[in-house]
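Here's the structure we're looking at; comments come further down.
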Amino acid sequence: MSFIGLLSIVGLTLAVAVLVTVLSVVNGFERELRERILGVLPHGTIYSRHGFADWQREMKAFRAHPDVTGVAPLIEGTGLLVNAGKLHGVQFRGIDTRLEADVSILPGLMTSGDFDSLADRKFGVVIGAELAVMLDIGLGDTVSLVLPQVRYSLGGPVLTTRQLTVTGLFRVGADLDKSQVLLSLDDAMKLKRQSHIDGLVLRLDDMFDAPRVLHEIVLEHDNQDLFGVSWMRQNGSLYDAIGTQKATLFLLLMILVAVAAFNVVSNLVMTVDDNKGEIAILKTMGASASDMRLIFILHGMMVCVTGLAMGLLLGLLLTACLESFYAGVSEFFGLNLMSEYFIRYLPVEVQVEDILMIIGVSLFICLLATIYPATRAANANPVEVLAHEA
C-alpha cells in the first residue's frame, strides 16, 4: 500500500514537472520573438510606390499619430557579401543612425565597434557576429558587397560591387546575425542609385495594433501611393504557431497528468478494500455515507496535493537550470541544436498564469479521480462486511 501510494505521488510529480518545464520553454520562445526579434525588426513599415521625396515631412506627420512612438527612414535591398572566396546572401538596410534607436533595440546589441560609426565613415557596414565568423572577417576588415544590379560598360554587363569596411558587430542571438547588414542612409542610396528612401519604419506602443495603426495612417494621408506592411505579415504566422504549439502541448501533457491520476484511483481502491472492516466499524458507530466519502476524497486530495507541490518545485528547479545546462552541454560537445530555429539559444520563462492553470486543472482531475473510490467506501454495507470478517 505504501509503495503504491509512493508511485502515485512520483507519477504525478513527474507529470507536473514536465508540464511546467515544457510550457516555460514555449513561453521563452514567445518572449524572445516578441521582445528581442521584433525589438530589432520594425513593427510596421509604410512604403510609397514612387518613393518619399520629402521623407522628413512625412516622418513628422506619421509621428503625430498617438500610437506611434518612433519613426525612421529605411532603404532596403539584397546582395552577396564576399570575402576570400566565401560568400553569403544578405539583406542590407540603409538607416539613419540618429533615428534608428527610436525604432529598434539593435544599437544596444553591439558587441564591438560603434553603431554611430556608420555615419562617420564612408561605406562602412555593421554586420552580425555570426556572419563575421562565417566570412572570417573582423572589425576594420574590408568585405565586398555584390548587388543584383547589372550595369553595362565597354566590356559588357558588369555586376555592381562595392568594397565596405566593417565598423561594428552586433549579436541578436537569432537568424538576423547572419542575414542582415546595416549601412548608412546615404551609402545605401548611392549603392541603389536612387535619391529617395524606400519606406518609413514605425515603432508602436502595442505591436499587436500594427494593422489598425498602419491602416489609419494610410487613410489619414489620403495618398494612393502609400501602403503599409506590419510585422504580422512577415512573422505573424510564426508567432501564431508558437501560441498554437503551447495550447497543444498543454492539452497533451495534461493527459499525462490524468494518467498519473489513475494511480491515485488504484491506490484509493486498494485502500478501501484493505480497510473494509474499519469502514464498517465507523459506520456502526454513526459515521454517515457522506462522512466516509469526504474522508477518502480528502485522502486522495492529500496525495494529489503532495505530488502537485513536489512537481511544481521540481519543474521550477529544472526550468531555472535548463538554460545554463543547455548552454554548457552545447559548448562542451560542440553542438548547435538550435541552428534551425529563429534564435540560437534555449530561452525559458515561467508565467504565473500558467502555474495557476496547472494547479487548477490538476486539482480538478485529481478530484474527479477520487470520486469513484470514495463513493465505493461510502456505499459499503457494514453488516455484510462484518459478517464476512467474522
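Largest GNM mean-square fluctuation among LEU74, LEU252, LEU19, using the chain with Cα springs under 10 Å: LEU252.
Measuring nothing but alpha carbons in the stretch 209-283 and taking Rh as the Kirkwood radius, the Rg to Rh ratio lands at 1.60. Measuring spread by the Cα atoms of the stretch 208-247 yields a radius of gyration and Dmax of 13.5, 42 Å. Against the chain, whose longest principal axis is taken from its Cα atoms, helix 210-221 shows a tilt of about 40°. A Förster radius of 51 Å combined with the Cβ-Cβ distance from ASP186 to ALA241 puts the calculated FRET efficiency at roughly 0.85. In the chain, taking the dipole from charged Cβ atoms about the Cα centre, the farthest positive-side position among GLY307, CYS366, GLY108 is held by GLY108.
For ALA320 and MET357, a Förster radius of 25 Å and the Cβ-Cβ distance give a FRET efficiency of 0.80, rounded to the nearest 0.05. An ellipsoid equivalent to the stretch 45-124, defined through the eigenvalues of its Cα gyration tensor, has semi-axes of 27, 17, 12 Å when rounded to whole angstrom and sorted largest first.
Based on C-alpha pairs under 8 angstrom that are at least 6 apart in sequence, the chain has a relative contact order of 28 percent. Its Cα gyration tensor gives the chain an equivalent ellipsoid; the semi-axes, largest first and in whole Å, are 64, 24, 14.
Relative to the longest principal axis of the Cα atoms of the chain, helix 352-378 runs at roughly 20 degrees. Count Lys and Arg as plus one, Asp and Glu as minus one, and take only other residues whose Cβ is under 9 Å from that of TYR345; the net charge is then -1. Full extension of the chain between LEU256 and SER330 yields a length gain of 23.7 nm, computed as 0.36 nm times the residue separation minus the alpha carbon distance. Comparing GLY113, GLY286, GLY89 in a Gaussian network model of the chain (Cα springs below 10 Å), the most mobile by mean-square fluctuation is GLY286.
In the stretch 68-204, the DSSP beta bridges split such that about 75 percent are antiparallel, to the nearest 5. Computed from Cα atoms, the angle from the helix 289-333 axis to the main principal axis of the chain rounds to 30 degrees.
Among SER362, SER195, SER288, the largest mean-square fluctuation in a Gaussian network model of the chain, built with springs joining Cα atoms closer than 10 Å, belongs to SER288.
Helical runs assigned H by DSSP (4 residues or longer) give the chain a calculated mean residue ellipticity at 222 nm of -18000 deg cm²/dmol, each run adding -39500 (n - 2.57) before division by the residue total. Stretching ASP141 away from PHE227 to a fully extended chain increases their span by 27.1 nm, per 0.36 nm per residue minus the current alpha-carbon distance.
Every number in this text was worked out from the coordinates using simple rules, so none of it is lab data. Please read these numbers as outputs of a predicted model, since none were measured by experiment. Neighbour counts run over all protein chains shown; Cβ positions are idealised from the backbone, glycine included.
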